[in-house]
Every structure is written in C-alpha cells, then in structure tokens.
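Here is the structure we will look at.
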Amino acid sequence: MHNTSTEEFDKKKIINQAKDRMQKSFDSFQRDINTIRSNRATPSMVDGIKVEYYGTMTPLNQLATIAVPEARVLTIAPFDKGSIADIDKAIQKSDLNITPQNDGVVIRLILPELSMDRRKELVKQLKTRTEEGRVSIRNIRRDTNDLIKKVATKNISEDEIKQIHDEIQHLTDSNITHLEEVSEKKEKEILTV
C-alpha cells in the first residue's frame, strides 16, 4: 500500500512541472506582445532593448528611469548622463522604428499616429505570436502526455492515467483561453484610434 503515496507525488510533480512550463510560456508570450506597439506609449515597449554600457550589454530599464508623461510620449532619463549617447544609439538600432529626440539630459520617444495599414500589419504580427504561444502550450501538453506514458507503471490504473491526462488538458485549455484573452485585448489597443 505504501506505493500509492509515491505515485500520488509523481502525479503532482508531473502536473506542477506542466503548470510551471505553461506559465513560463505564457509569461514569454506576454513579454513578447508587450513590445508590439499600440497607439499608447508604455515602458514595456523598450523592454527588449539592451545598451552597451562599459562593455556589457545591459537592459535599458536598468540604466534609466522610463516614464510616460503623455499618451504617445515615452521619456528615458539615464541615471548616468554619460550613457545617453549609447542609449540613443541602442534605440535607433532597435526595431521600434522611432527616432529618439535627445536633449543631452532626457531622451523622448514620440509615437507617430499609426496608419491603418500599419495597424493591420501589427495585428498580423500579434496573430502570428498568439499562434506560436498556442503551439508552445500544446507542445508542453504533448511532452507531458509522453512523460506520463513513459512513467506509468502497472500499479497505476487506467482511470488514474485518464485523470492525469484530463488535468493536463484542462491546464492546456485554460492557458490557451487566457492567452487568447490577452491577445484580443492587445488587438483592441492596436486598432483603437
């Protein structure tokens, strides 16, 4: 009888690993779509930008205070005024497609109005990334189900195996639903004039 507790533990471990992996996949998706521009300036727009600072590639948000004083303006105030040129250069090299306005103290990023064509292009990017997110979560489900087949012993009943598969499917469904809700909200942001 003492075997059931170890099987129960393994079941929990397998489900928790799947939960963790799906959460990491969702978090990655969230960070990824935060970099897609909408009509509003947000500090997360510059999350992916790294600046060469004393020979080390450093995330921009570790080198400056990033603020949104107006809906379409992002200000970047470096902690070290000597790094302003490097920050400016990193922004220009990024895929933001916004020319920074640098007054020697603060860098301003003024977001131009998005044309409808550009909005449609951004929505297309969003849909691609959403599908990649769905695929990533489904791959985790597949890997977990493969693992269950591998570790399932004769001591585990078919019902228990089915129960684990059902829990993994429920996890998959709820993560994909959450991902789609976030994607729809982002699409509305992009299309709002």
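The values are calculated or read from the model by the stated rules, or taken from the named source; none is laboratory data. Predicted model only: the values in this text are computed from it and were never measured. FYI the Cβ positions are ideal-geometry reconstructions off the backbone, even for glycines, and counts take in every protein chain you see.
Among the residues here, D173 qualifies as modelled with pLDDT of 95 or more and exposed (fewer than 15 other Cβ atoms within 10 Å of the Cβ).
Beta carbons closer than 6 Å, at least 6 apart along the sequence or on distinct chains, pair a first residue in segment 42-64 that is in the same structural domain as T99 (by TED's automatic domain parsing) and at negative phi with a second that is basic (K, R) and surrounded by 15 or more Cβ atoms within 10 Å (Cβ to Cβ) for M57/K50; P59/K50. The condition of being of a type outside the set (F, W, Y) and modelled with pLDDT of 95 or more holds for only one of K93, K127, K186, K154, that being K127.
Checking each residue in segment 144-154 for being in contact with a helix residue (DSSP H, G or I) (Cβ under 8 Å, 6 or more places away or on another chain) and in a helix (DSSP H, G or I) picks out T144, N145, L147, I148, V151. Pairs are defined by a Cβ separation below 9 Å, a sequence spacing of at least 6 or placement on different chains, a first member in segment 81-109 that is on the phi > 0 side of the Ramachandran plot and among the small types (G, A, S), and a second member that is surrounded by fewer than 18 Cβ atoms within 10 Å (Cβ to Cβ) and outside any loop (DSSP other than H, G, I, E, B); the pairs so defined are G104/K81. When residues in segment 33-60 are screened for being modelled with pLDDT of 85 or more and touching a Gly at 6+ places or on another chain (Cβ under 8 Å), 0 of them pass.
Right, V123: among the hydrophobic types (A, V, I, L, M, F, W, C), part of a helix (DSSP H, G or I) and in contact with a helix residue (DSSP H, G or I) (Cβ under 6 Å, 6 or more places away or on another chain) or not? Spelling it out, V123 is indeed among the hydrophobic types (A, V, I, L, M, F, W, C), part of a helix (DSSP H, G or I) and in contact with a helix residue (DSSP H, G or I) (Cβ under 6 Å, 6 or more places away or on another chain).
Of all residues in segment 155-193, those satisfying the criterion of being more than 23 Å from R37 (Cβ to Cβ) and not in a helix (DSSP H, G or I) are N155, I156, S157. Elements of the type strands (runs of 3 or more DSSP E) sitting completely within segment 1-106 and holding at least 1 residues that are surrounded by 15 or more Cβ atoms within 10 Å (Cβ to Cβ) and not β-branched (V, I, T): these cover 50-53, 64-70, 73-78.
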